[in-house]
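See below for the structure under consideration.
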Amino acid sequence: MSISNKTKITGLVFAMREEQEGLQAHIQDKKIIHIAKRDFIQGNLWGHPVVMVLAGIGKVAAASTTNLLIHHFQVNQLILSGVAGTADALLKVGDVVIADALLQHDMDASPLFPRFEIPLTGKSRFSTQLDLQQALQTATLQFIQTLPQTIHASHIAEFQLQNIKMHIGLIASGDQFIHDSAVLKKLKQALPDLLAVEMEGAAIAQVCDEHDLPFAILRTISDSANETAEFDFLGFVKNVAAPYTLGILKNYFENRPS
Ligand code: SAH
């Protein structure tokens, strides 16, 4: 007998509080369980069981949280939604990136292993699950069409969100907020297909790979990972990235068959 979608528990992971708050307000039948200095919020979002958690920032925080979601809460799939710096001239602030693969850009055990390869796994790139990735793509395209009704006109003007796009491709993670064009340029030379940089996705990917758990990573571009990266970062997360997360995940859950 197959498990229906309704009984599938989705783990929702956030790096920053501002990103979680919007969705948290919609959760039904809420129950909070405190483990390892984190609040795991169990409940239902638009009719689907979820466990949402603020993981914190960085690869260790993300990996540790992912393990807890798997072993304490038996999640069947996992989605991280957050922000990222762009690593490609085609991507602008306000665009959405959905990963098809993730890599840890600060993993380097060369010359013992090729640069970026996770020692003893033979892997440097971890692929996301296609079905989940495609469902998020649909939800994102729907969201982009309704953007003017969701984001305040003053923020659309301030962050120039008139023509935002969705991109699918490689996201790299490391324990580093990249805010230097020379650092970014070197990384891009080593990884020409790189679209965005952040600090958690590839850690989640490695843990999910160990457990054969479907996962997806959704990122809104918040900055250009160069000297301007800090500019109104929190204002962007609050006024733009948080409503993106809410709008895209609402579409995702509403589209999902019960
Ligand atoms: N100033 C923030 C810290 C944000 S750290 C605060 O005080 O809370 C950056 C977060 O956004 C991480 O979760 C990371 O995944 C993502 N991120 C956005 N832009 C990034 C960049 N240029 N380099 C690395 N991570 C980035």
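The values are calculated or read from the model by the stated rules, or taken from the named source; none is laboratory data. Since the model is a prediction, treat every value here as computed from it, not as a measurement. Positions of Cβ are backbone-derived with ideal geometry, glycine not excepted, and every protein chain shown enters the neighbour counts. Remember, those area values only see protein heavy atoms, side chains included, never the ligands or the DNA or RNA. Shrake-Rupley method; radii C 1.70, N 1.55, O 1.52, S 1.80 Å.
Note down the magnitude of the dipole of the stretch 106-192 about its Cα centre, charges +1 on Lys and Arg C-beta and -1 on Asp and Glu C-beta and zero elsewhere, to the nearest 20 debye.
Numbers: 7 positive and 7 negative charges, 56 e Å.
Its charge dipole is roughly 280 debye.
Can you tell me the order of 213-222, 143-152 when each peptide is scored by its average per-residue count of other Cβ atoms within 10 angstrom, highest first?
Working: 213-222: 25.5, 143-152: 14.2.
The most tightly packed comes first, giving 213-222, 143-152.
Take a quick pass over the chain and tell me how many lysine pairs come in under 18 angstrom between Cα atoms, counting only ones 8 or more apart or on separate chains.
Close lysine pairs under the 18 Å cut-off: 13.
Round to a whole angstrom and tell me the spacing of the C-alpha centers of the stretch 31-70 and the stretch 205-258.
15
Run the numbers for Q77 and T150: contour at 0.36 nm per residue of separation, minus the present Cα-Cα distance, in nm. Walk me through the intermediate numbers first.
Numbers: separation 73, 0.36 × 73 = 26.28 nm, distance 2.71 nm.
Length gained, Q77 through T150: 23.6 nm.
What is the stretch 120-170 by shape, rounded, prolate or oblate, if you read a ≥ b ≥ c off the alpha carbon gyration tensor as root eigenvalues and call it rounded for a/c under 1.5, prolate for a/b larger than b/c, and oblate otherwise? Mind dumping the intermediate values first?
Values: a/c = 4.35, a/b = 2.24, b/c = 1.94.
In terms of gyration-tensor shape, prolate.
Starting from the residue with the highest accessible area, list V93, V197 in decreasing order, probe 1.4 Å.
Details: V93 40, V197 10 Å².
So, going from the largest accessible area down, we get V93, V197.
Report the residue, chosen from A153, A101, A241, that carries the largest GNM mean-square fluctuation when the chain is represented by alpha-carbon nodes joined by springs under 10 Å.
It is A153.
Given H placed on each backbone N at 1.01 Å, which residues far from D39 in sequence or on other chains put an amide H within less than 5 Å of it?
Long-range HN contacts for D39: L54.
What is the extension gain from Q134 to N44, computed as 0.36 nm multiplied by their sequence separation minus the C-alpha to C-alpha distance, in nm to one decimal? Write down the numbers at each step before the final one.
Details: separation 90, 0.36 × 90 = 32.40 nm, distance 2.21 nm.
Taking Q134 through N44 to full extension adds about 30.2 nm, to one decimal.
Sequence gap at least 6, Cα distance under 8 Å: using those rules, report the relative contact order of the stretch 13-69 to the nearest whole percent.
On the way: 74 pairs, mean separation 19.4, N = 57.
Relative contact order for the stretch 13-69 comes out at 34 percent.
Using a 1.4 Å probe, how large is the accessible area of V183, given in Å² and rounded to the nearest 10?
60
Arranged from highest to lowest average of other beta-carbon atoms within 10 Å per residue, in what order do the peptides 155-165, 244-254, 46-56 appear?
Details: 155-165: 14.9, 244-254: 22.0, 46-56: 20.2.
Sorting 155-165, 244-254, 46-56 by mean packing, highest first, produces 244-254, 46-56, 155-165.
Let me check against my output: what whole-number percent is the relative contact order of the stretch 117-250, with C-alpha pairs under 8 Å and at least 6 apart? Could the numbers behind the result be given before it?
On the way: 123 pairs, mean separation 44.1, N = 134.
Relative CO of the stretch 117-250 lands at 33 percent.
Rounded to whole Å, give me the distance from the Cα center of the stretch 177-197 to that of the stretch 74-151.
The stretch 177-197 and the stretch 74-151 have Cα centres spaced 15 Å from each other.
Please compute the per residue accessible area over the stretch 9-143 with all protein chains in place, 1.4 Å probe, rounded to a whole number of Å². List each step's numbers first, then the result.
Values: 5750 Å² over 135 residues.
Dividing the accessible area of the stretch 9-143 by its residue count gives 43 Å².
Residue-wise, which Karplus ³J(HN,Hα) couplings in Hz belong to the stretch 39-55, taking 6.51 cos²θ - 1.76 cosθ + 1.60, θ = phi - 60°, and x for glycine or proline?
Couplings: 9, 9, 9, 8, x, 10, 10, 6, x, 10, x, 9, 10, 10, 8, 8, 6 Hz.
Run the accessible area of the stretch 148-201 with a 1.4 Å probe and give the carbon-and-sulfur part as a rounded percent.
Values: 1570 of 2850 Å².
Of all accessible area on the stretch 148-201, carbon and sulfur atoms account for 55 percent.
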